[in-house]
Amino acid sequence: MSGSDEPGAGPMKVLLMGLGGCASIEVVSILRKQRQPFESVRVRIDGQRPAAGDTAHPARPYSAIHATFLVAGEGLDQAKVDRAVGLSIEKYCSVHATLLEGVPSMTWTAELVPPEKK
C-alpha cells in the first residue's frame with residue numbers, strides 16, 4: 001500500500017477494492033442460484049472525497065460511492081441481474097453494511113456486456 005505519489009493502491013482505494021470484491025462474490029453466488037448463464041462479473045467502483053486541504057473534513061472520508069457491475073453472458077435476464085446486484089449490496093455484503101453508516105450516498109448499477117471472445 002502507498003500514498004498518492006507511490007506505486008500501488010493506498011488505503012482508501014483498498015477500501016473500495018474490498019467493497020467491490022465482497023459484493024462481486026455475492027453477485028456470483030446469487031446469479032448461480034438464479035441459473036443465469038453469466039461468463040464473468042466485473043465491478044468498477046468510484047468514490048468521491050473532499051479535496052485535499054479541506055479543513056472542514058481533514059480525514060477526507062468518502063461522501064459518495066458508486067459501483068457499476070459489468071455482467072457478461074448470453075441470454076442474461078436484466079431483472080435477475082439487477083436483483084442479484086441489489087441483494088448483494090443491500091443485504092449480503094458485509095463491507096457495504098460496515099460502510100453504510102459513514103458514507104451518505106452509496107449507489108449501484110448493473111450493465112449487461114457482451115462475453116469476451118475466446
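Here, each number is a calculation from the coordinates, and none is a lab measurement. Predicted, not measured: the structure shown is a model, and the values here were computed from it. Note that we place each Cβ from the backbone using ideal geometry, even for glycine, and neighbour counts take in every protein chain shown.
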Extending each Cα 7 Å along its Cβ direction at ALA64 and ILE25, get the distance between those two points in nm, one decimal. 2.9
Tell me, what ³J(HN,Hα) does each residue in the range 108-113 have, in order and in whole Hz, if you take phi through Karplus 6.51 cos²θ - 1.76 cosθ + 1.60 with θ = phi - 60° and put x for Gly and Pro? 8, 9, 10, 10, 8, 10
Tensor-based shape of the chain (alpha-carbon gyration tensor, a/c under 1.5 rounded, otherwise prolate or oblate): prolate
Could you tell me how far the Cα centroid of the range 47-118 sits from the Cα centroid of the range 12-36, in Å? 10
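Please state, to two decimals, what the Cα-based radius of gyration of the range 1-60 comes to when divided by 2.2 N^0.38 Å (N = residues).
Working: Rg = 16.3 Å, N = 60, 2.2 N^0.38 = 10.4 Å.
For the range 1-60, the normalised Cα radius of gyration comes out at 1.56.
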So what are the ³J(HN,Hα) numbers for the range 63-75, from phi and the Karplus equation (6.51, -1.76, 1.60; θ = phi - 60°), rounded to whole Hz, Gly and Pro as x? 9, 7, 9, 10, 10, 10, 9, 9, 10, 9, x, 8, x
Dipole magnitude of the chain about its Cα centre (Cβ charges: Lys, Arg +1; Asp, Glu -1), debye to nearest 20: 340
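What does the charge count near MET12 come to, summing +1 for each Lys or Arg and -1 for each Asp or Glu among other residues with Cβ under 9 Å from its Cβ?
Around MET12, the charge tally is +3.
What do you get for trypsin sites (Lys or Arg not before Pro) in the range 1-64 restricted to DSSP loop and a cutoff of at most 15 other Cβ within 10 Å of the site's Cβ?
Working: sites: LYS13, ARG32, LYS33, ARG35, ARG42, ARG44; in loops: ARG35.
For trypsin sites (Lys or Arg not before Pro) across the range 1-64 that sit outside H, G, I, E and B with at most 15 neighbouring Cβ atoms in 10 Å, the list reads ARG35.
From the helices alone, meaning DSSP H stretches of at least four residues, give me the mean residue ellipticity at 222 nm for the chain, per-run term -39500 (n - 2.57), in deg cm²/dmol to the nearest 500.
Details: 3 runs with 40 residues, N = 118.
Dividing the helical sum by the residues of the chain leaves -11000 deg cm²/dmol.
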C-alpha long axis of helix 78-87 to longest principal axis of the chain, angle in °: 40
Helix 11-33 sits at what angle to the longest principal axis of the chain, using alpha carbons and giving 0 to 90 degrees rounded to 10? 20
